[in-house]
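The block underneath contains the structure these notes are about, expressed in structure tokens.
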Amino acid sequence: MSGVVRRFEPSGPLRGALRPPPDKSVSHRAALIAAMAEGETTIEGYLDAADTRSTLAAVAALGAVVEGAGEARIRVRGVGLRGAAPAAIDVGNAGTLLRLLPGWLAGQETGAWTLDGDDSIRRRPVDRVVAPLRLMGARIEAREDRLPPLRVEAAPLRGIEYELPVASAQVKSCLLFAGLLAEGETRIAEPLPSRDHSERMLAAAGAEIERGDGFVAVRPAARLEPGEVVVPADFSSAAFFLVASLLVPGSDVSLTGVGLNPTRTGLLRILERMGARIEVEPEDERGGEPSGRLRVRASRLRGTGVGGEEVPLAIDELPLLALAACFAEGETTIRDAAELRRKESDRIETVSTALTALGAELETREDGMRIVGTGGLRGGAVSSHGDHRIAMLGAVAGLASREGVEVAGIDAAAVSYPGFEADLASLSRD
């Protein structure tokens, strides 16, 4: 578990403009689809962080050639849909890689692969991927039939109709990748909409994708040719500055180039309902991913209820919503969010433990929590439990608290945002 300790003191008004780092979800998918493709794919704005470096290392182990790693623009020469070389893959802490990659590997013509990672990854369930892949004919094994490491052997796949028990972009993407190599159509029904980066990117690369009300389908493909992929700034990373700017009195911050894919920005709509002053200015839409500028000013918030179809569109930002709810007037309830218990940590428990230690009034439920807004937090000490989002949440809480917050394990933030502390400091300088 990460162990660097840092104290974040109460801040004066946050001011200035900032472009958050590139989108992690889009970066993962861009590298994987580029590896599946024919010829060279250019990825502009690929995120350079621990998780996404794991994905580049994985595709290189599978035979793809990666040039420019660590730079703003990288090039990937793919191996083709059926050209993945046998390998042992270390996914590190990258849950997205762990859950997406088996879909592609399962449909290869020959070969076998193992996927393993760090201690945190070994606690991340993969049964939601394993079960439907087996229905397609995949030869795939997991520890206790639900935990990594995973072993995948090449096998002929058949298309299926599958209803996701829980809305999950990772499971959906895995099955779409498998469907590219399967015989016949693969049709996936979703109980609620989830992020659609894979569908957008596959369609742009020439895959036969059909999207309708509550479903997405893919037909087998002979080849993919993305050509160029542009990665916008990550909305999930921007969300930390967004919430900090709302909570620290007098703040006025602009966040530029932020991805505004409507399947990712559920937090915006929730916060606006709570009274947040957020201006959205669209800027660009290259590669099917819209982006724009957000201007955020300190606001008085009121409690709200969150559940149903809003949850998958804000799943990674719900811990930040819980923090914001502590500063709101009235009660906020979060329900239908049991998926939070399957993240890098059990985020319902880790968020509850952290916020309670800082003076919050809340109670946990199996699928969410109830927060009583008290207008602020006292401060104190929290542990990230090795979870990058909890580490950054603690830092934001410190800036908005009355007494400051000491965060143990702040270095976990580097999983998705290596420059987080420096960017936060750039907005809080007098």
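The values are calculated or read from the model by the stated rules, or taken from the named source; none is laboratory data. Because the structure is predicted, anything quoted here is derived from the model rather than measured. Please note: Cβ atoms are built from the backbone with ideal geometry, for glycine as well, and neighbour counts cover all protein chains shown. Side chains are part of the model used for accessible areas, which takes the heavy atoms of the whole protein and leaves out ligands, DNA and RNA. Shrake-Rupley method; radii C 1.70, N 1.55, O 1.52, S 1.80 Å.
Descriptive notes on the structure:
- Residue (of Ser299, Gly368, Ala328) at the positive-pole extreme of region 292-375, dipole from beta-carbon charges: Ser299
- GluC sites (Glu not before Pro) restricted to region 1-71 and DSSP loop, no more than 13 other C-beta within 10 Å: Glu71
- Charged side chains reduced to their Cβ positions (Lys and Arg at +1, Asp and Glu at -1) give the chain a dipole of some 340 debye around its Cα centre.
- Antiparallel bridge percentage (DSSP; both residues within the chain; nearest 5): 70
- Cβ charges +1 (Lys, Arg) and -1 (Asp, Glu), total dipole of region 165-230, debye: 120
- Counting protein heavy atoms only, the chain has 46 percent of its accessible area on carbon and sulfur, 1.4 angstrom probe.
- Shape box of region 59-168 [Cα atoms, principal axes, largest first, Å]: 39, 31, 25
- Seen from Glu403, the other residues with C-beta closer than 11 Å to its C-beta sum to a net charge of +1, counting Lys and Arg as +1 and Asp and Glu as -1.
- Annotation: Cα Rg of region 126-222 relative to the compact-globule expectation 2.2 N^0.38 Å equals 1.03.
- Environment charge of Glu185, counting only residues whose C-beta is closer than 12 Å and scoring Lys/Arg +1, Asp/Glu -1: -1
- Counting only DSSP beta bridges with both residues in region 320-430, the antiparallel share comes to about 75 percent.
- Radius 9 Å from Cβ of Leu147, net charge of other residues (Lys, Arg +1; Asp, Glu -1): +2
- Ligands, DNA and RNA are left out, and with a 1.4 angstrom probe the accessible area of region 354-430 is 35 Å² per residue.
- Relative contact order computed over the chain (Cα-Cα under 8 Å; 6+ residues apart), in percent: 18
- For region 310-373, the set of GluC sites (Glu not before Pro) satisfying both a DSSP loop assignment and a count of at most 16 other C-beta atoms within 10 Å is given as Glu366.
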